[in-house]
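Take a look at the structure set out below.
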Amino acid sequence: MTTVTFIEGDGIGPEVGAATRRVVDALGVDIDWEECQAGAGAVEAHGNPLPPQVLESIRRNKVALKGPVTTPVGTGFRSVNVALRQELDLFASVRPCKLLPAVPSRFPSLDLVVVRENTEDLYEGIEFEMGSKEIVKLRGHLKYIYGYALARDAGVSVKPISVTATKEIVRFAFDYAKTNRRRKVTLGHKANIMKFSDGLWLDTGLQITESYRDVGFEAVQVDELAMRLASQPDDLDVIVLPNLYGDIISDLCAGLIGGLGFAPGMNFGREHAVFEPTHGSAPDIAGKGLANPIAMILSAELMLRHLNRAGAAERLMRALRRSLEEGRVKTADMRPEGKPSTTEEVADSLIAAIEGDQ
Ligand code: NAI
């Protein structure tokens with residue numbers, strides 16, 4: 001029996017989480033769920049959006065399946081997600097974007113993977129608020145060191161990119177490409193403008209390529225990358241990016257495969273792995289049965305593979321593909337004609353398909 005930490009999260013989290021658990025349980029895998037609360041619900045219950053027992057549970061179990069968590073406004077926490085990634089050193093975010101049958105898309109087929117550095121860059125949280133005493137000091141230092149005059153009405157976020165973190169994520173992307181028999185790694189950057197952050201990212205990435213000559217490689221400016229994704233995405237394969245660009249480009253890729261409801265994700269550290277959909281808590285549709293649980297179900301499928309339950313993962317994918325192909329699953333975000341499948345009906349269809357496959 002393997003114990004997995006389960007965080008249902010906020011908004012649509014409980015709905016997509018319950019559907020996912022029903023589907024995984026229908027596979028008959030020996031997984032025991034250890035339920036933990038994080039996010040807005042945890043603030044009410046524990047006065048803390050990320051109670052220490054959540055981190056203890058993930059540290060103990062090494063693997064978690066997590067729903068989306070709302071970032072509470074006006075507390076000391078910037079984001080539970082950022083805190084989780086930093087606490088557990090989940091340095092790599094991996095978001096496979098593969099088009100499923102019957103899902104509307106501008107492209108006939110798509111199979112990309114976005115690998116995003118998860119711990120530094122503009123998301124590290126080094127920020128200076130406009131008008132604060134800290135920014136007054138910063139302005140003074142910048143003036144003293146560089147003669148640079150920072151505008152008095154500016155706020156500042158700092159973009160640290162280190163050699164150590166860059167080496168780790170670029171190696172991770174190449175290892176992922178090799179293990180998963182992918183043909184090419186594309187490294188996105190804006191080194192022409194940000195010479196000391198993105199420039200360092202590019203130079204360090206280029207050094208790493210020396211050890212992976214058997215995998216294709218190209219370095220592309222991130223603006224050109226966005227254009228290529230919109231026009232010829234099948235030319236791309238594994239894309240490795242610093243944190244902010246990775247966040248934006250992975251949502252763009254989700255849009256190419258039918259939207260956030262179809263985009264799974266996983267976060268890896270040296271010891272821990274947290275599987276979660278790319279989407280947020282979608283408060284606009286929470287409680288209406290409209291949420292597409294497929295992104296979370298696909299995240300669970302990736303988790304099953306990580307836990308060496310490849311047979312169960314394949315049965316799950318067969319059930320999902322067949323249910324979509326045969327039109328038994330038509331989620332609201334697929335904009336079907338007629339009544340869409342509710343969140344629960346998606347789970348019901350998949351469970352019926354899994355049972356019919358035994
Ligand atoms: P969001 O991803 O929750 O929603 C964006 C749009 O996509 C909405 O129109 C929503 O209805 C739709 N959508 C999202 N997931 C869907 C699904 N499974 N099925 C059908 N439609 C879906 O992004 P938003 O609105 O910017 O953020 C809402 C909250 O979620 C915020 O508090 C944000 O901080 C949090 N968030 C949490 C994440 C996480 O826990 N990993 C990731 C992103 C946002």
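Candidates are the residues of the range 10-40 that are within 13 Å of the ligand (Cβ to nearest atom) and over 17 Å from Leu290 (Cα atoms); the one that is most open to solvent (accessible area, probe 1.4 Å) is Ala40. Out of the residues in the range 41-68 that are away from the ligand (no atom under 13 Å from the Cβ) and touching a helix residue (DSSP H, G or I) at 6+ places or on another chain (Cβ under 7 Å), state the one that is farthest from Val4 (Cα to Cα). That would be Asn48.
The single condition among (1) touching a helix residue (DSSP H, G or I) at 6+ places or on another chain (Cβ under 8 Å); (2) within 30 Å of Leu324 (Cβ to Cβ); (3) open to solvent by 20 Å² or more (accessible area, probe 1.4 Å) that Pro108 does not satisfy is (1). Against the conditions (1) away from the ligand (no atom under 16 Å from the Cβ); (2) touching a residue at least 60 places away in the same chain (Cβ under 8 Å); (3) surrounded by 16 or more Cβ atoms within 10 Å (Cβ to Cβ), Pro277 satisfies every one except (1). Please tell me if Ala332 is under 27 Å from Val54 (Cβ atoms) and touching a residue at least 40 places away in the same chain (Cβ under 8 Å). No, not satisfied.
Please pick out the residue among Glu44, Glu87 that is closer than 25 Å to Gly287 by Cβ, free of Cβ contacts under 8 Å to residues at least 60 places away in the same chain and surrounded by fewer than 18 Cβ atoms within 10 Å (Cβ to Cβ).
Numbers: Glu87 fails: closer than 25 Å to Gly287 by Cβ.
The unique qualifying residue is Glu44.
Residue-level check: of (1) open to solvent by 40 Å² or more (accessible area, probe 1.4 Å); (2) within 8 Å of the ligand (Cβ to nearest atom); (3) among the hydrophobic types (A, V, I, L, M, F, W, C), Ala310 misses just (2). Going through (1) at negative phi; (2) among the hydrophobic types (A, V, I, L, M, F, W, C); (3) assigned to a loop (DSSP other than H, G, I, E, B) one by one, Ala282 falls short only on (1). Inspect all residues belonging to the range 286-294 and state whether any of them is in a helix (DSSP H, G or I) and either more than 10 Å from the ligand (Cβ to nearest atom) or not assigned by TED's automatic domain parsing to the domain that holds Asp198 (or both). Within the range 286-294 (the criterion being in a helix (DSSP H, G or I) and either more than 10 Å from the ligand (Cβ to nearest atom) or not assigned by TED's automatic domain parsing to the domain that holds Asp198 (or both)), the answer is yes, since at least one residue qualifies.
Does the range 187-205 include one or more residues that are of a type outside the set (Lys, Arg), open to solvent by less than 10 Å² (accessible area, probe 1.4 Å) and under 18 Å from the mean Cα position of the chain (by Cα)? Yes. Against the list (1) more than 13 Å from the chain's Cα centre (by Cα); (2) over 21 Å from Lys195 (Cβ atoms); (3) open to solvent by less than 20 Å² (accessible area, probe 1.4 Å), the condition Cys253 fails is (1).
The values are calculated or read from the model by the stated rules, or taken from the named source; none is laboratory data. Computed from a predicted model, the values in this text were never measured in an experiment. Positions of Cβ are generated from backbone atoms using ideal geometry, with glycine treated the same way; all protein chains shown enter the neighbour counts. Remember, those area values only see protein heavy atoms, side chains included, never the ligands or the DNA or RNA. Shrake-Rupley method; radii C 1.70, N 1.55, O 1.52, S 1.80 Å.
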